[in-house]
Amino acid sequence: MTQTVSRPARARSPLPLDVEAIRADFPILTRTVRDGKRLVYLDSGATSQKPRQVLDAERWFYENVNAAPHRGAHQLAEEATAAYEAARATIGAFIGAPEREIVFTRNSTEAINLVAYALSNAVTAKEPELRTYAVGQGDEIVVTEMEHHANLLPWQQLCERTGATLRWLGLTDDGRLDLSDLAEVVNERTKLVAVTQQSNILGTINPLGEITARAREVGALVHVDGAQSVPHQPIDVGELDADFLVFSGHKMLGPTGVGVLWGRYEVLDKLPPFLTGGSMIEVVRMEGSTFAAPPQRFEAGVPMTAQVIGLAAAVEYLQGLGMGKVEEHEKALTGYALERLAEIPGVTVIGPPDTVARGGAISFTVDGIHPHDVGQVLDDLGIAVRVGHHCAWPVVRRYGVPATTRATFYVHTGYDDIDALADGIRAAQKFFGTSEVR
Amino acid sequence: MQLESMYQDVILDHYKNPHGRGLREPFEAEVHHVNPTCGDEVTLRVHLEGDTIADVSYEGMGCSISQASVSAMYDLVIGRTVPQALETGEHFRTLMQAKGDLSVAAKLEDELEDAVAFAGVSKYPARIKCALMSWMALKDASARAMSVAHPTTPTEAKS
């Protein structure tokens, strides 16, 4: 499909990041798609692409160090352990956390399940201390209507296992959390509040301070889903006032197969394990066993060592760019994209209409064209977006749409990518014959 | 430009002017099928006269492929017996597994009529399930309708 859309010249401020230099670090961006088209990758919110530095780090580990960490006394085992633990320190420092509060999981989803299962495993824990946070009948767990399924289903299931009640904060028409009933929903019965820091579908950045303040008043734990925030903005858990923060390596330039649970040490220390097995033990006897201290208590089995090392390289890459700059970069792109989309008749953004407390996930609908079909036309032009309900089915239901098309940005995204998106939407309107009716 | 290979005019026509849309009475079975990866859904009713499909009525929301597919299916199965309709459904499934091989489509032209236009969809793995959803719903609904019509006849296990 070819189309020429004349654009009014506009003043665009230079982007905070050097997009061309960054693109040169991402081998995949040199390939073409759909008959020789430049890859316009606007699906970093689903998974990010990986810079060479991350790929090199994984290769370095396998070619030079590979061994199971925390087992064995040979030189490779020592070096693998040192590399694994150094990566833990790097990743911890990225969010302002000490090493002992960093637990490696497979991804955010597993990290959330770890906490949810620990809270129900607590009910039957042998040691009284590990029953501190047990959840049962009469207790309440609070989530929001904005959550990704990964931060909803584990809590729903926890409630079903334990007889606790799931409650939630609703949404306003402009894509924000409705906190008008916060004081009622988060109350003395609340054991834990699980909330996303940045919505994967609406882009909304939530006012966590208000929520954590209320949770502290009633003595509830606070669990923050950072899958869409940690990759995109500076985070310091010291300022977050939460008990848990989870994020996924693959959404922040790192490998798949590694995620992180940060937990406040004094809370982690009173939680029973989720998965059990090798390396998470203190003493094992046939009659029963005791567990290691955190974080090892939550890392059963040989870990995803190469991926952890790759994630540390991703963190160093992001630190090299500066997370403040990454955030500014995406804010500039988001503002530009919202402007460009607003110019197209029939396009409706689902989520906050401006860049105030908003990240770079932009979901939209196009009148008369189903999101799958929008995505198909964009794909034909080499533009990768996500379509569907984005694992946040209650959100699309709340806004009365069957699905949306979603564009997400990252460090290699430039104005040219957003221009391609806007032109692509117009091309879809032309293809499906919905543009001339305006 | 590969888009036209999928969005054949026949498909776009069915999408814009769907055949048989709307839920009607009478019916012996009604099913609701969803595509959990994208949220597309269809509610589909089957009315039998004997073993013959006298009516298929439906409501749904979804992309052009899923909506055009149910419309083309409607044209194909009305007036056929349930086994004939299910056999057509199997042909359609074969077409969806063709990975864009047009020789498969050529062989199935007589059986599938308009629905052979969906051949291009088989090149796009993510969209095949869109095209198949209505056929899955039909299979489910007709099995249920048969068990209503012939309560003692064992039918396939309902899912």
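Here are the numbers:
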{"quantity": "Qualifying residue in region A:74-92 (condition: within 30 Å of A:Ile362 (Cα to Cα) and not in a loop (DSSP other than H, G, I, E, B))", "calculated": "yes"}
{"quantity": "Filtered residues of region A:376-413 (kept if within 9 Å of chain B (Cβ to nearest Cβ), open to solvent by less than 10 Å² (accessible area, probe 1.4 Å), assigned to a helix (DSSP H, G or I) and not β-branched (Val, Ile, Thr))", "calculated": "A:Asp380"}
{"quantity": "Filter pass, B:Arg93 being under 16 Å from B:Ala117 (Cα atoms) and either open to solvent by 40 Å² or more (accessible area, probe 1.4 Å) or within 14 Å of chain A (Cβ to nearest Cβ) (or both)", "calculated": "yes"}
{"quantity": "Single unsatisfied condition, A:Leu341 versus (1) surrounded by 19 or more Cβ atoms within 10 Å (Cβ to Cβ); (2) at pLDDT below 95", "calculated": "(2)"}
{"quantity": "Every residue from region A:345-360 that is surrounded by fewer than 18 Cβ atoms within 10 Å (Cβ to Cβ) and either of a type in the set (A, V, I, L, M, F, W, C) or at the interface with another protein chain (Cβ under 9 Å from one of its Cβ atoms) (or both)", "calculated": "A:Val356, A:Ala357"}
{"quantity": "Within region B:18-41, considering residues that are free of Cβ contacts under 8 Å to residues at least 40 places away in the same chain and not in a strand (DSSP E or B), the one farthest from B:Ser64 (Cα to Cα)", "calculated": "B:Pro26"}
{"quantity": "Whichever residue in region B:44-75 is in a strand (DSSP E or B) and within 14 Å of chain A (Cβ to nearest Cβ) and, among such residues, is farthest from A:Arg397 (Cα to Cα)", "calculated": "B:Glu59"}
{"quantity": "Out of A:Ser435, A:Ser363, sole residue that is within 14 Å of chain B (Cβ to nearest Cβ) and of a type in the set (Ser, Thr, Tyr)", "calculated": "A:Ser363"}
{"quantity": "Out of B:Lys16, B:Lys99, sole residue that is under 19 Å from A:Pro371 (Cα atoms) and basic (Lys, Arg)", "calculated": "B:Lys16"}
{"quantity": "Pairs, first outside the structural domain of A:Asp225 (by TED's automatic domain parsing) in region A:108-126, second surrounded by fewer than 24 Cβ atoms within 10 Å (Cβ to Cβ), C-beta under 6 Å, six or more apart", "calculated": "none"}
{"quantity": "Condition broken by A:Ile201, with the remaining ones in (1) open to solvent by less than 10 Å² (accessible area, probe 1.4 Å); (2) over 27 Å from A:Thr405 (Cβ atoms) satisfied", "calculated": "(2)"}
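Rundown of residues vs (1) modelled with pLDDT under 95; (2) within 20 Å of B:Glu28 (Cβ to Cβ); (3) surrounded by 21 or more Cβ atoms within 10 Å (Cβ to Cβ), yes/no style:
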{"site": "B:Val104", "(1), (2), (3)": "yes, no, no"}
{"site": "B:Lys107", "(1), (2), (3)": "yes, no, no"}
{"site": "B:Ala119", "(1), (2), (3)": "yes, no, yes"}
{"site": "B:Tyr124", "(1), (2), (3)": "yes, no, no"}
{"site": "B:Trp135", "(1), (2), (3)": "no, yes, yes"}
{"site": "B:Leu138", "(1), (2), (3)": "no, yes, yes"}
{"site": "B:Ser147", "(1), (2), (3)": "yes, yes, no"}
{"site": "B:Pro154", "(1), (2), (3)": "yes, yes, no"}
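The values are calculated or read from the model by the stated rules, or taken from the named source; none is laboratory data. Keep in mind that this is a model prediction, so the values were computed, not measured. Because the Cβ atoms are built from the backbone with ideal geometry, glycine has one as well, and the counts that use them run over all protein chains shown. Note: areas computed on protein heavy atoms with side chains; ligands, DNA, RNA excluded. Shrake-Rupley method; radii C 1.70, N 1.55, O 1.52, S 1.80 Å.
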